[in-house]
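Taken together, the values in this text are just the output of simple stated rules run on the coordinates, not laboratory data. Here the structure is a predicted model, which is why all the values come from computation and not from measurement. Every residue, glycine among them, receives a Cβ derived from its backbone with ideal geometry; neighbour counts consider all protein chains shown.
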Ligand SMILES: [Zn+2]
Ligand SMILES: [Zn+2]
């Protein structure tokens with residue numbers, strides 16, 4: 001499948017080109033046996049709006065970043081190990097067609113491609129790489145996934161109390177457990193969600209009750225009665241609210257970047273990849 005590309009000059013050059021576009025802000029990407037299989041621009045649904053992001057599919061990781069200057073400069077690099085990834089189809093919305101969800105334990109988000117064919121290419125290539133990674137590592141497919149954040153625009157009122165109306169002064173918060181948009185009053189509690197962060201995170205009142213109950217049930221099974229539940233806590237958080245994720249911070253005018261996808265192995269070896 002991709003082995004024939006692994007030690008080729010062209011593969012090294014492609015990876016070096018990606019590294020150079022991210023510059024010092026990115027991680028080194030070249031590894032023995034790692035192959036860059038394809039790249040392209042997808043629209044990622046972020047908290048405040050959908051934004052173009054450049055994606056690179058390697059045989060073991062998916063890398064994406066924001067576009068400063070097309071084909072020259074990228075930043076805010078994120079690296080997702082493919083063995084953690086599951087994909088899920090999403091229905092089209094008024095704003096976006098050809099959507100799907102990329103789920104991992106730490107973060108889940110929706111992306112869309114410019115055409116149905118592009119979507120099919122991405123999904124089948126990613127899924128094939130995930131299968132191969134799982135087979136190679138002997139790991140079971142991952143089952144724990146972060147809840148995707150409901151976009152801010154999806155609601156004007158708190159999704160828990162349905163009373164609080166958001167405004168310039170009354171800001172939206174996101175529950176890290178369910179991804180709902182909630183008011184400050186409904187998300188006072190913090191809970192330790194180890195797969196997301198070493199620090200307790202903002203959760204909504206409903207999730208807090210459920211998580212605390214699960215924790216009590218777990219502690220009961222262990223016959224452990226000592227001390228308060230370690231993960232539970234309310235009031236002051238040890239970590240500041242990170243609602244304003246990296247995704248929302250840049251203001252580059254890259255919205256007219258043409259979406260396209262390029263799978264290097266297409267034509268020559270992609271069909272054999274699937275064999
Ligand atoms: Zn509320
Ligand atoms: Zn919640």
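Between residue 213 and residue 71, the contour length at 0.36 nm per residue exceeds the alpha carbon distance by 46.1 nm. Annotation: peptides 213-220, 107-114, 136-143, ranked by per-residue average of other Cβ atoms within 10 Å with the highest first, follow the order 107-114, 213-220, 136-143. Computed from the alpha carbon positions, the gyration tensor of region 113-172 leads to an equivalent ellipsoid with semi-axes of 38, 18, 8 Å, biggest first. Across region 1-53, Cα-Cα distances exceeding 15 Å account for 57% of all pairs.
Can you give the Kirkwood hydrodynamic radius of region 3-146 from its Cα pairs, in Å with one decimal? Over region 3-146, the inverse of the mean reciprocal pair distance is 15.7 Å.
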